[in-house]
Structures are given as structure tokens and as C-alpha cells.
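Following: one structure in C-alpha cells, then a few remarks.
The values are calculated or read from the model by the stated rules, or taken from the named source; none is laboratory data. Bear in mind the structure is a predicted one, so any value in this text is a computation, not a measurement. As a convention, Cβ positions derive from the backbone with ideal geometry for all residues, glycine included, and neighbour counts pool all protein chains shown.
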Amino acid sequence: MTKDLDRLLELADLTASRINDWIETNEPIFVISHLDADGISAAGIIGSALVRRNAPFHLRITRQLDQVFLSELAAHGLSRYIFCDLGSGQLPHIQEALGKGEVVILDHHPPDQNRLPSNFRQLNPHLCGFDGTNEISGAGVAYLAARHLGGSNEDLAALAVVGALGDIQDRGKQHSFIGLNKEIIVEDAIAADVIDQSIDLRIFGRETRPIHIALQYSSDPFIPGISSNPEGALSFLADLDIELREGDRLRTIASLSKEEKRQLNSSLITYMLKQNIPPREAQSLIGVVYTLKNEEKGSYLRDARMFATLLNATGRSDQGGIGVAICMGNRGAFYRKAESILKEYREQLALGLQWLTEDADAVVARKLIQTFHAKSKVPDTIVGSIAGMALNSRILDWSKPVIAFVYSRDGRVKVSGRTTRRIVDAGADLGEAMKLASEEIGSGSEGGGHNIAAGATIPRGQEERFLQVIERILTKQLGRMKAAKPSDEDSNNEETIK
Ligand SMILES: [Mn+2]
């Protein structure tokens with residue numbers, strides 16, 4: 001299908017006018033969104049747009065739209081629903097549970113059916129030929145609807161940037177955006193004067209932390225001897241001609257002069273190359289950073305990637321409401337709460353990584369994949385993040401996708417799959433694999449997601465069978481690509497930045 005921007009904007013307009021009709025009646029609207037950074041940003045965008053129109057609404061952040069959740073939702077007895085960052089892959093379930101109500105779906109996951117009853121409306125880039133995995137997020141889709149909702153909502157494009165970064169859509173050259181994110185979302189955010197983009201070190205804590213602390217937080221890319229290693233970071237910095245203090249304050253990366261930054265950047269890259277990091281990965285330390293101009297200097301919210309990290313932590317800690325409140329402009333106690341949630345979340349991640357590092361039996365290598373089972377060692381909401389970080393930091397084998405299991409609170413098993421861009425380029429699609437494998441396992445199994453990161457829920461005791469099915473599907477996916485093009489190196493870096 002060719003990309004049809006006019007059609008997409010027309011659909012956005014139609015969707016917004018449906019919501020407009022609801023607002024006129026003054027009946028409460030139920031907003032449901034996903035618990036990751038993208039979903040929370042999307043909820044923040046729709047929540048803000050509704051507040052600006054004085055429209056009453058309820059909000060629920062959820063990990064997934066399963067039948068249990070949907071029947072709880074139906075029990076509230078409201079009749080108007082907006083689903084953000086989820087819903088397109090669960091249309092039959094939604095129809096079954098809420099078929100009598102009116103439903104709007106704002107999603108960027110591949111839709112599982114195109115025909116909808118007239119009381120349903122779906123805004124999804126896939127319907128107009130756009131690639132929802134790479135070029136627009138759930139928050140971006142929510143923004144497209146909000147932009148047509150009346151009032152002036154262009155400032156909310158900043159949240160759509162945060163959501164897209166949360167979903168790792170910075171796939172262009174030097175971690176810039178491509179497609180709709182670049183042409184509509186960032187354009188609008190810059191025009192509304194809420195976002196600045198520049199090239200800098202892509203390091204968490206660039207604005208907030210002393211330089212050696214910020215460096216040790218770098219996990220993507222992972223810097224051997226410096227990431228997670230404060231002494232290593234300090235001794236690296238000791239060799240440079242950079243003053244770490246200014247009076248009695250430790251300086252941040254953001255406070256360095258141009259010349260000092262240049263020295264730090266080139267020394268870091270030289271250091272990484274000496275550690276045998278592939279050049280392309282070492283270079284990825286530097287890239288486009290997005291600054292939210294209206295946020296205070298030194299706040300997590302000023303850097304769009306950090307903002308996404310903070311939101312993700314609130315969601316994964318079952319406190320997504322705090323994240324949505326922050327997106328809607330609340331600060332003070334909400335922000336302090338989010339900070340402490342982030343701190344605890346990072347501690348949980350560190351414990352998980354420590355387990356994978358120290359327990360030689362934790363990870364099982366198979367032919368095509370590697371796997372671990374966290375059982376009840378970590379909360380079921382963070383096992384995917386642990387798998388992703390362990391892969392990026394090379395605690396796990398970088399050449400194989402990881403399939404991680406954890407017992408979920410509802411007595412089942414939550415599966416998280418993570419892989420690398422290189423393996424995706426070779427043909428792997430974990431989202432498709434999880435979906436197909438769940439269908440094959442049956443018994444209420446559900447799965448799906450993106451090619452690089454995906455998830456599923458399966459019954460206990462089915463883990464080994466699930467792995468076998470995943471391996472069979474991956475073999476097929478990788479074989480298909482091999483047959484199509486024999487060699488393909490560095491093909492996804494064509495986009496350029498102004
Ligand atoms: Mn998303």
C-alpha cells in the first residue's frame with residue numbers, strides 16, 4: 001500500500017470530530033492506555049486535550065487488553081471509550097466486551113481487521129500505508145487526533161516526541177526520526193517552540209548528573225569499563241583536560257564548553273574503538289537529543305529521552321497515573337514521586353542484571369535463541385527491560401534474540417522477547433513470532449508487539465513448547481530473508497538530519 005498522508009489526516013479529522021460529538025454531550029469518556037512511556041504520553045496528550053475542552057473523563061493505564069480487563073471496563077457502565085497505543089490488535093475482544101458502546105482507537109500497532117461497526121472508529125497509520133513500528137508512535141497518533149480536536153494543541157507535539165523515543169523510533173541517521181515523526185511531530189513541536197533538537201552525547205543525566213555519574217549510566221551503547229563502573233568513569237576522565245568541578249559543584253556534561261565537549265566525545269569514541277566496539281556502535285554515543293524548552297534546567301523532563309524513561313518507570317511500577325499527571329502539566333509532589341519511583345525501578349533493574357551476571361545457570365543458550373526464567377525474582381512488568389538491558393550491555397550473547405519468562409500475578413507466565421537491530425535486519429520479527437506462537441499454544445495465550453521487542457502471556461508449564469515454536473518461526477523468518485538478499489550491511493542509515 002502506498003503512503004497516503006491526505007487520507008491519514010482526513011481520518012484524524014473524522015476521528016476528532018467523533019470525539020468532538022461526545023464532548024458536546026458532556027458525558028464522561030473512558031480513556032484507556034498502555035503502561036509504557038508511549039502509552040502514558042498518549043494518555044497525557046488526550047487527557048490534556050479533553051481538559052482544555054472541559055470534558056469529563058476517566059483514565060485507566062493497563063499492561064494489556066485482555067478479556068478480564070475488558071469485562072472490568074464494561075462493568076463501569078460508561079458508553080464512550082478512547083483506546084490509546086493499544087486496541088488495533090484486539091478489535092474482536094473489544095467488540096465482544098464493549099460492542100454496545102462507542103469506541104475510538106488511536107493506535108500504531110498493526111490492526112487485525114479493517115472492517116469495523118459504525119460505532120467504532122480507528123486511527124492507525126497502517127491503514128494509510130505508513131509504518132507504525134518506525135515512523136509514528138501511539139503518542140504520535142493521539143497527537144494527530146488532538147491536533148484536530150479544536151483549541152490549540154500543537155504544544156502537545158512535545159509529548160509525542162517523548163512517546164516516540166519511548167518506543168525507540170529514533171531510527172534515522174544519528175538517532176534522528178524518520179517519516180511522520182520527523183515530518184509532522186518534530187516539525188510541529190519546533191514550530192510551537194516547545195522542542196529543540198541538537199547533536200550531543202546521548203547520555204542519561206547529561207543535564208542533571210556529575211559527569212562521571214552520567215557516564216556510568218550509559219547503557220545504549222554500553223561502554224565497557226565505564227558503564228556501571230564509577231571508578232572506571234573517574235579514571236577515564238582523569239586523563240582528559242576537563243575540570244570536573246566548578247567551585248564547590250560537580251559539573252554536568254551540559255555545562256561543558258564546546259571545546260571540552262569535543263574532547264570528551266572524541267576521547268570516548270577512541271576509547272570504545274580500542275575496546276573493539278564496532279565503529280557504528282561507538283559513533284551512536286553521539287546523536288540527536290531533544291530538549292523540552294519549557295522544562296526547568298536540570299529536570300529529568302528537559303531531556304525527551306529521560307522524560308520517557310521516567311514515564312516508563314511509573315508505568316512499569318503500576319503508577320502510570322503519576323506519569324500521566326506529569327504529562328498533563330502537574331509538577332511538585334507528582335514529580336518528586338516519579339523521581340523516587342524511577343530510583344526504585346533502577347534498583348530493581350540492577351538486581352535483575354546482577355542475577356543474570358552472577359548466576360551461571362540463569363541463562364540457557366539454545367541454537368537460535370537464549371532464554372532465562374525469572375520465576376518470581378522480579379516484578380513481571382520489568383522483565384522485558386531487564387532482557388533488553390542485558391542484551392545491550394552484552395551480559396547476554398549479542399548474536400541471539402533473548403526470550404525471557406516470569407510468573408505473572410494472574411498465575412500465568414509473561415514472556416518478553418528482545419533482539420538487536422542487526423538481527424531484525426537479518427529478517428527476525430519477534431512481534432510476528434510471539435503472535436503466531438501464542439496462537440499455536442492456545443489456551444488463552446496472547447502475544448504480539450514490534451519486530452525488535454515483543455511480548456506474550458501463556459499458561460504455566462508451556463514455556464518449553466513455546467520456545468520450540470518460536471525457534472521454528474525464527475528459522476523460517478531468517479531463511480526467508482537469506483533467500484531474498486544475500487548480503488545487507490548498514491542499510492538502515494539513509495535518513496539525514498538538517
Ligand atoms: Mn507504542
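For the stretch 10-28, does any single residue satisfy the condition of being within 14 Å of the ligand (Cβ to nearest atom), buried (at least 24 other Cβ atoms within 10 Å of the Cβ), modelled with pLDDT of 95 or more and part of a helix (DSSP H, G or I)? No, the stretch 10-28 has no match at all.
When restricted to residues that are outside any strand (DSSP E or B) and more than 16 Å from the ligand (Cβ to nearest atom), the stretch 61-88 contains 14. Contact annotation: residue pairs with Cβ atoms under 8 Å, 6 or more positions apart or on different chains, pairing a residue in the stretch 355-378 that is over 15 Å from Val402 (Cα atoms) with a partner that is small (Gly, Ala, Ser), are Trp355/Ala362; Trp355/Ala374; Lys377/Gly352; Val378/Gly352. Among the residues of the stretch 348-355, is any under 20 Å from Ser137 (Cβ atoms) and buried (at least 23 other Cβ atoms within 10 Å of the Cβ)? Checking the stretch 348-355: not a single residue is under 20 Å from Ser137 (Cβ atoms) and buried (at least 23 other Cβ atoms within 10 Å of the Cβ). Across the stretch 51-60, not a single residue is classified as in contact (Cβ under 8 Å) with a residue 12 or more places away in the chain, within 16 Å of the ligand (Cβ to nearest atom), out of contact with any Pro (no Cβ under 9 Å at 6 or more places or on another chain) and in a helix (DSSP H, G or I). In summary, Ser198 fulfils each of the numbered conditions (1) within 30 Å of Ala49 (Cα to Cα); (2) touching a residue at least 40 places away in the same chain (Cβ under 8 Å); (3) crowded, with 17+ Cβ neighbours inside 10 Å with the single exception of condition (3). Only a single item in (1) over 17 Å from Thr15 (Cβ atoms); (2) not in a loop (DSSP other than H, G, I, E, B) is not met by Pro110, and it is number (2).
On inspection, Asp112 does not qualify as more than 20 Å from Gln67 (Cα to Cα), outside the structural domain of Ile452 (by TED's automatic domain parsing), surrounded by fewer than 24 Cβ atoms within 10 Å (Cβ to Cβ) and without any contact (Cβ under 8 Å) to a residue 60 or more places away in the chain.
Checked against the criterion of being in the same structural domain as Glu27 (by TED's automatic domain parsing), within 15 Å of the ligand (Cβ to nearest atom), in a strand (DSSP E or B) and among the aliphatic types (A, V, I, L, M), the stretch 125-144 has no qualifying residue.
Remark: pairs (first residue in the stretch 439-457, of a type outside the set (Asp, Glu); second residue part of a loop (DSSP other than H, G, I, E, B) and modelled with pLDDT under 90; Cβ separation under 6 Å; 6+ apart in sequence or on different chains) = His450/Thr133.
If I filter the stretch 145-169 down to residues being in a loop (DSSP other than H, G, I, E, B) and within 13 Å of the ligand (Cβ to nearest atom), which single residue comes out as surrounded by the most Cβ atoms within 10 Å (Cβ to Cβ)? My answer is Gln169.
Mind listing just one residue for me: the one in the stretch 378-418 that is closer than 21 Å to Ser227 by Cα and among the β-branched types (Val, Ile, Thr) and, of those, surrounded by the most Cβ atoms within 10 Å (Cβ to Cβ)? It would help to see each step written out before you state the result.
If we filter the stretch 378-418 for residues that are closer than 21 Å to Ser227 by Cα, which is where we start, we get 382-399, 418.
Narrowing further to those that are among the β-branched types (Val, Ile, Thr): 382-383, 386, 395.
Numbers: Ile382: 22, Val383: 25, Ile386: 27, Ile395: 18.
The extreme case among them is Ile386.
At least 1 residues being more than 20 Å from Ser385 (Cβ to Cβ) and not hydrophobic (A, V, I, L, M, F, W, C) is the threshold, and among the helices (runs of 4 or more DSSP H) wholly inside the stretch 197-316 those reaching it are 211-216, 230-238, 258-274, 279-283.
Let me confirm something: among Ser266, Ser228, which residue is at pLDDT 90 or above and of a type in the set (S, T, N, Q)? Quick ask: steps written out before the conclusion?
Values: Ser228 fails: at pLDDT 90 or above.
Criteria check complete, one pass: Ser266.
Here Asp85 meets each of (1) at pLDDT 95 or above; (2) in contact with a His (Cβ under 6 Å, 6 or more places away or on another chain); (3) at negative phi with one exception, condition (3). Residue-level analysis places Leu91 outside the set of residues that are within 19 Å of Gln122 (Cα to Cα), free of Cβ contacts under 8 Å to residues at least 60 places away in the same chain and in a loop (DSSP other than H, G, I, E, B).
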